[in-house]
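Here is the structure we will look at.
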Amino acid sequence: MIRNKRPANARTGPALTRAAEACLRALSSSVLPVLPVLMLMALSIGAVQAQSFGPAATGGSLQVLHWWTSASERQAINVVVNQLARQDIQWRDVAIPGGAGMGAAKVLKSMVLANRAPEVTQLNGVVFAEWADLGLLLELDNVAVPGNWEKQMFPTVWSLINNHGHVVAAPLGIHRINSLLYNTAIFKRYNLTPPRTWEEFDQIVEKLKGTGIVPLAQSAEAWQLATLFENLALAESGPAYYRRLFVDMSPAAFLDARMLHILKRLRGLAAAMPQPVRERPWTEVARSMVSGEAAMMIMGDWARGELNAWGMVVDQQFGCAPAPGTGEYHLYSTDTLAMFAGNYAHQAMQETLAQITMSPAVQSEYNRIKGSIPVLRTPDPHMDRCARDSWRTFSKGPAFQAPSLVHRMATDDTTKDAIVAEVQRFFLDRTITEEQTQKRLAAIARTLSRNRND
Ligand code: BGC
């Protein structure tokens, strides 16, 4: 049993010589004034490495920072909380509201800088590497190696949670961001079928004209607008072009005619949205779709989990389909828990939590409630129609997968935030032309990718 194992091979990550350089890369300008604090912290954590460790703790609690605050998110995470409780470990909640973790990322940064890092955090995406290179994350090889994680999980997830050959996070599930949800009563009344392309989507908008029904429920929150933007980017030219944009940060890709088309389409979609498009949480957007105010919404499949939590059933009150033009692809985001190193009194409990996340029973139950799919290669027999489609598409492999920009799967936080803000600015301010935005996005790509490679 992992929790009784002596944490003799406790590690905090690669050599601290790399920490200073990683520090500079990881920190945005907003935290530069406190750089020395973080440097000191990384060094003091390094010092713990040399200590000898006592026997593993039996019982206790773990503070967990996350942004799962909606009904379904709560229910899903309770699957993990209850399993932990059975091991006599209490989950102490630090829940920061705000879809896509926009607020949580900032709170996490300040907690770390104040030397009050939680023991565990929801930490999605490529940012692991930054934290791990600072020596801040506990390596979970003690659990991952005997648990044979590499063979059990999808290779994409395995490489995401690996940093220089060490596992630095425990994965919970895979979300599909290119998900379209629709109101079945409206679709039936107007004899509509889920749009497979954006041209078919336009035809639905035409048919709904004059009915008082808003075709597309949408929020003006930056990350929700950027969700639409990344869906359009994937639909435009598939995963290869998508990766040139958001993974490679190629200025030429941003200056391509295809980007112009994506931006035109994004702006054009405003006519299909509620007027004015207000900033509201994704749960409210979902509410407006199932209430019949709007016909469709495009959102990560946690929205399906939420509708289930509200007592609605797929193919009864609502339907699901891939977002237009993306049926062959999987725009993905992976939910993961990373553990902060620094206090080895918690290590046994942190490892127990990691082990729980990968248990097939937990993977099945958690993801069924959450709307996502397990990270395991073996298909879960309890998946619904939408989850089965997500699983089938994801298992086709990297050529069909696109890492979500918004959910930090494609690039670092600073770059992501800059692009997301630019997209929102473009959408809200009609005096900014598509060409200007294209140039600004290319400039962001040029500047930030240069910084990264320096
Ligand atoms: C997370 C989901 C969460 C969603 C809405 C995403 O970034 O991966 O787990 O439900 O944000 O907040």
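The values are calculated or read from the model by the stated rules, or taken from the named source; none is laboratory data. Quantities reported herein were computed from a predicted structural model and do not represent experimental measurements. Note that each Cβ is placed from the backbone with ideal geometry, even for glycine, and that neighbours are counted across all protein chains shown. Heavy atoms of the whole protein, side chains included, go into the accessibility calculation; ligands, DNA and RNA do not. Shrake-Rupley method; radii C 1.70, N 1.55, O 1.52, S 1.80 Å.
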remark   = Output ordering of 327-339, 429-441 (per-residue mean of other Cβ within 10 Å, highest first) is 327-339, 429-441
message = As an exercise, identify the GluC sites (Glu not before Pro) in the range 272-321 lying in DSSP coil whose Cβ has no more than 16 other Cβ atoms within 10 Å.
response = 279, 293
request  = Note the angle between two axes, namely the Cα long axis of helix 413-428 and the longest principal axis of the Cα atoms of the chain, as a number of degrees from 0 to 90, rounded to the nearest 10.
outcome  = 20
message = Can you tell me the orientation of helix 35-48 relative to the chain, as the angle in degrees between its alpha-carbon axis and the longest Cα principal axis, to the nearest 10?
response = 50
message = Along the Cα→Cβ direction, 7 angstrom out, place labels at residue 116 and residue 421. What is the inter-label distance in nm?
response = 2.6
message = If every alpha-carbon in the chain counts as one equal scatterer, what log10 I(q)/I(0) does Debye give at q = 0.12, 0.13 1/Å?
response = -1.02, -1.18
key: Cα-based shape type of the range 103-194, given that a ≥ b ≥ c are square roots of the gyration tensor eigenvalues and the cut on a/c is 1.5   = oblate
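Quick check: at a probe of 1.4 Å, how many percent of the accessible area of the chain sits on carbon and sulfur atoms? Mind showing how you got there, number by number?
On the way: 9360 of 17560 Å².
Of all accessible area on the chain, carbon and sulfur atoms account for 53 percent.
Show me the ranking of peptides 242-250, 205-213, 359-367, 144-152 by mean Cβ neighbours inside 10 Å, starting with the highest. The partial results should precede the final answer.
Details: 242-250: 20.8, 205-213: 12.9, 359-367: 19.0, 144-152: 15.3.
Descending mean neighbour count gives 242-250, 359-367, 144-152, 205-213.
Considering only the chain, what is the antiparallel percent among its DSSP beta bridges, to the nearest 5?
Details: 22 of 38 bridges.
The antiparallel proportion sits near 60 percent.
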query = In square angstrom, what is the accessible area per residue of the chain with a 1.4 angstrom probe?
reply = 39
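What number, rounded to the nearest 500 deg cm²/dmol, is the helix-based mean residue ellipticity at 222 nm of the chain, given -39500 (n - 2.57) per DSSP H run of at least four residues and division by all its residues? Can you show the working numbers first?
Working: 20 runs with 217 residues, N = 454.
-14500 deg cm²/dmol, from helical runs alone.
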ask   = Reachable aspartates and glutamates from residue 207, Cα under 15 Å, same-chain residues fewer than 8 places away excluded?
value = 199
key: Separation in nanometres of the label points that stand 7 Å from Cα toward Cβ, at residue 396 and residue 264   = 2.7
query = So for the chain, taking the charge dipole from beta-carbon charges (+1 Lys/Arg, -1 Asp/Glu), which of 421, 140, 89 sits furthest toward the positive end?
reply = 421
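Run the numbers on the chain and let me know its relative contact order in percent, using alpha-carbon pairs under 8 Å that are six or more apart. Don't skip to the end; give the middle numbers.
On the way: 822 pairs, mean separation 119.0, N = 454.
Relative contact order comes out at 26 percent.
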ask   = Order of 295-301, 67-73 by packing, highest average Cβ count within 10 Å first?
value = 295-301, 67-73
inquiry  = Just to confirm my numbers, what's the Cα centroid distance between the range 397-413 and the range 129-188 in Å?
reply    = 12
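Using a 1.4 angstrom probe with every protein chain in place, what is the largest-first accessible-area order of 448, 228?
Numbers: 448 35, 228 0 Å².
Ranked from most to least accessible, the order is 448, 228.
Using Cα-Cα distances under 8 Å and only pairs 6 or more residues apart, what relative contact order does the range 287-406 have, in percent? If you can, show how the numbers build up before the last one.
On the way: 82 pairs, mean separation 40.4, N = 120.
Normalised by residue count, the contact order of the range 287-406 is 34 percent.
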note = Relative to the chain, whose Cα atoms define the longest principal axis, helix 222-246 and its Cα axis are tilted in degrees, nearest 10, by 90
